[in-house]
Amino acid sequence: MKDYIPNRITGVEKGSIAEEIGLQPGDILVAVNGHSVIDIIDYKYLITDEFLEIEVESGDERFLIEIEKEYDEDLGLFFSNPLIQDAKSCRNGCIFCFIDQLPKGMRETLYFKDDDSRLSFLQGNFITLTNLSDAEIDRIIAYRLAPIKISVHTTNPFLRVRMLKNKNAAKLMQQVQRFYEAQLPMHAQIVLIPGINDQEALTDTIQDLMAFHPVLESVAIVPVGLTKYRDGLEALNPYTKESARKVIEQAHQMQKECLDTLDTRFLFLSDEFYALADHPLPAPDAYEGYPQIENGVGLLSNLIEETRIALQGSKQITGHLPAAALVTGTLAAPYLRELVKEVQEVYPGLQADVIPVKNVFFGEGVTVSGLLTGGDILAQFPVAAKYDTIWIPESMLRSGSDIFLDDMRVGDLARELKQNVQSLPVEGEAFVRALTKGTIV
């Protein structure tokens, strides 16, 4: 057995197997069934068996513990680092990297570029595969770590090396082929840049990727995000109304071809393209279950659909309804205004204003709600307007917290505005309940 990494236990779940066998915070998990535990992926894979022999170090002693359990039953252990080893940082120099476009002075964690296959499995992050050795690909396949989410951008090896500034980027097709042969489910994304990897290059990329369907289940296409902090970086152009329309036309034509040959649309555009082009959103069923909704693909369509479902059968009520404000980015504002009108048809007394906020912090070309800061909201919110509740989407906040990108907290914003500020998930029923203060029945 190789030298082990000190995987120190920091917590034991109450009522778990780990508590039953007497493991305690501070103990070190050395091995499971004779195998060193390199990271959380090893741990999750190795503990699936019904019979385990774990080696534990406690103080100056090492001992073996035999465990019989249900298949896939968890032990109930927590570790100091969820990856046990540090996450791998990105070695690429992508010409479109958003982190390279951040201003100075933000919290340190925002500047970390991850490109770790373990985070693809655990958190759904997209990775370029340029960090992966053949041995690591063997491990992903052996452990069936799926789905794996791949930042493709282009299948042209020369163009991909240029875009990622990493010679390993040329290996993409061979790596995807290995996952395909192993029948390991995949999803892909393409960050589209005008004049770089769009038009004919995009057609070629989609045609190449179609060969890996159905193992490669879907492809998301999103426009490049450009902030005002690009000094010293390669000059790139944003999408305009006209160029976004051309992308939509091309994508819809390719979807028809995919439906004919693969029985799926296969590729899906993010909501930004439709908003930029002032083009109607596709129908909900055109997203085929929203396989890439976390990429902003169908997020608005799904919200509209869920809201309409939540309103079905709702009773019209009389009496006072709360006055609400919905803070959002400029991209979603027109859609939310129309959605509010639909809610008001069921709740005629409803008072709700959509407050679009321009992104001064990153630049007005950044239109999505998730990149708004508390400072921009504070500076642009109409001071004379008074509401029972000001609602902001959870996507504006750091995951699991109340902190905006500029480190302002929701409570800070509420104190400055002298109003009640709350967050809500981007979900239809929550949307209706927020506007009606829970009066939906």
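The values are calculated or read from the model by the stated rules, or taken from the named source; none is laboratory data. Note that the coordinates shown come from a computational prediction; the quantities given were computed from them, not determined experimentally. Counting neighbours? That spans all protein chains shown, and the Cβs are built from the backbone with ideal geometry, glycine included.
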Going residue by residue through region 361-383, is there one that turns out to be among the hydroxyl-bearing types (S, T, Y), out of contact with any Ser or Thr (no Cβ under 7 Å at 6 or more places or on another chain), surrounded by fewer than 17 Cβ atoms within 10 Å (Cβ to Cβ) and more than 30 Å from Q312 (Cβ to Cβ)?
no
Select, from V247, V222, the only residue that is among the β-branched types (V, I, T) and under 28 Å from Q174 (Cβ atoms).
V222
Of all residues in region 240-259, which are in contact (Cβ under 8 Å) with a residue 40 or more places away in the chain and touching a Phe, Trp or Tyr at 6+ places or on another chain (Cβ under 7 Å)?
V247, C258
Of all residues in region 274-300, count the ones that are in contact with a Phe, Trp or Tyr (Cβ under 7 Å, 6 or more places away or on another chain) and either over 21 Å from R245 (Cβ atoms) or of a type in the set (F, W, Y) (or both).
2
Residues being out of contact with any Asp or Glu (no Cβ under 7 Å at 6 or more places or on another chain), buried (at least 17 other Cβ atoms within 10 Å of the Cβ) and either free of Cβ contacts under 8 Å to residues at least 24 places away in the same chain or at positive phi (or both) - total across region 260-289
3
Just checking: which of the strands (runs of 3 or more DSSP E) contained wholly in region 126-241 hold 1 or more residues that are basic (K, R) and crowded, with 18+ Cβ neighbours inside 10 Å?
148-151
Condition set touching a strand residue (DSSP E or B) at 6+ places or on another chain (Cβ under 7 Å), of a type outside the set (A, V, I, L, M) and under 16 Å from D388 (Cβ atoms), scope region 345-363, selection modelled with the highest pLDDT: answer is D353
Residues of region 350-395 satisfying the condition of being among the polar types (S, T, N, Q) and either in contact (Cβ under 8 Å) with a residue 60 or more places away in the chain or farther than 22 Å from A323 by Cβ (or both)
N359, T367, T373, T389, S395
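Please tell me if G76 is in contact with a Lys or Arg (Cβ under 9 Å, 6 or more places away or on another chain) and touching a residue at least 40 places away in the same chain (Cβ under 8 Å).
Yes, satisfied.
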Residue pairs, Cβ under 8 Å, 6 or more apart or interchain, first in region 24-37 and over 11 Å from I54 (Cα atoms), second small (G, A, S). List them.
Q24/S58; P25/G11; G26/S58; D27/S58
Search region 396-415 for residues being assigned to a loop (DSSP other than H, G, I, E, B) and free of Cβ contacts under 8 Å to residues at least 12 places away in the same chain, and hand back the single one that is surrounded by the most Cβ atoms within 10 Å (Cβ to Cβ).
R398
Given the conditions (1) in contact with a Pro (Cβ under 8 Å, 6 or more places away or on another chain); (2) surrounded by fewer than 21 Cβ atoms within 10 Å (Cβ to Cβ); (3) of a type outside the set (S, T, N, Q), every one holds for P393 apart from (2)
What tally of residues in region 259-289 results from selecting those that are assigned to a helix (DSSP H, G or I), over 18 Å from Q199 (Cβ atoms) and not charged (D, E, K, R)?
8
